[in-house]
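Written out below as structure tokens is the structure these notes cover.
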């Protein structure tokens, strides 16, 4: 195996928004579950940013998600009976329907792994739920830092014992691909126009001429096999 | 998934000796392939010991194997046409026949991962070859140190977001289990009386009352399910 595809997960592989909202609805009756899920996710980047900039040592995303959940609950004025149970919503995210068949096709000639900000524990359990056939789990858990810091991509490439040019980052987010390209990785854009629901305005189209632009993972596998 | 089994790989999951000898015979005609394989493996522990004791920074086992291969070739007075190709022998190791069905059974109620001194790159490729259905790859590649240093077991347990008591180390080597037990992990001994060929004298029986003693992985899965 001389090539690999590494994947963003939240948004690119899974529909986190409706999946988390479903779990919120189960745990927090009466709240606007989609709004709550969106607000919870809204705390994600600021929480990582403190770690990226050295204001806090590395703690994994499970810890950040739990802290962010408590903060979100306070904003919404609700009391959580079992925040740890609700926090496991991030291990039960439904994949977009093309993802599993696309991964099965791509892995015929390449290694595949998540390069996510999710922890190894979270990604392993999510893979069980969503049936992702990863070869290994890379990303923040291996690098102990958060994307888009270069170390996360470079540690993932190094863990595969490959050169950046032989590893393709697959993401629905142009900024993720820009960070990967700056380090010499190949790039593949797969838009997920419903990640943020109806009326999404971001990442609807490629912002650069990425190495591949595919409508979904099946299409990417077909293009790569050409 | 509130429990996990983590596995030693060389000897416990795979028959490294005859598998490496097969690759040696392909690459180095005329040499005593089993003797060469055994000598190559003989360099393994001293090479890691320098790193364990701080005499050298962490480099992964692929690098050590390649250095050890050159040293072994010199001892045997042979010239290698493509040492890197032969070094990939460690990614093509045949599993003992009970391993894949045993892992499939054990993973029904627990996470499973290698906790080996092999790198993530090596373990991912070996898993493809041997069809090991790991949930993630732990061990030296995550801890950046070598067993039996405590950090390797503890980093693996932490990466699973579990407590040591909920993780069982499975190995054919009593010393590996002793290191794991000292840290609070559960332990399972599965003897591999042919790891070192006919006339093996080590690790034929459990040296302590491990939590499980099983004749093979299938037997372990049956005992665990009781």
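Observations on the model:
- Remark: residue A:206 matches the filter, which requires a residue to be more than 30 Å from residue B:155 (Cβ to Cβ) and not in a helix (DSSP H, G or I).
- Taking the numbered list (1) at the interface with chain B (Cβ under 10 Å from one of its Cβ atoms); (2) touching a residue at least 24 places away in the same chain (Cβ under 8 Å); (3) part of a loop (DSSP other than H, G, I, E, B) in turn, residue A:161 passes all entries but (2).
- Some residue of the stretch B:29-42 being part of a helix (DSSP H, G or I), in contact with a strand residue (DSSP E or B) (Cβ under 9 Å, 6 or more places away or on another chain) and within 14 Å of chain A (Cβ to nearest Cβ): no
- In this structure, residue B:207 does not satisfy being surrounded by fewer than 20 Cβ atoms within 10 Å (Cβ to Cβ), within 14 Å of the chain's Cα centre (by Cα) and in contact (Cβ under 8 Å) with a residue 24 or more places away in the chain.
- Residues that are away from chain A (no Cβ under 11 Å) and closer than 30 Å to residue A:91 by Cβ number at least 2 in the following helices (runs of 4 or more DSSP H) confined to the stretch B:54-121: B:99-106.
- Taking the stretch B:126-142 as the range and being in a helix (DSSP H, G or I), within 11 Å of chain A (Cβ to nearest Cβ) and surrounded by fewer than 23 Cβ atoms within 10 Å (Cβ to Cβ) as the test, the residues that pass are B:127, B:128, B:129.
Laboratory data are not the source of any read-out in this text; all were calculated from the coordinates shown. Everything numeric in this text was worked out from a predicted model, so none of it was measured. Positions of Cβ are backbone-derived with ideal geometry, glycine not excepted, and every protein chain shown enters the neighbour counts.
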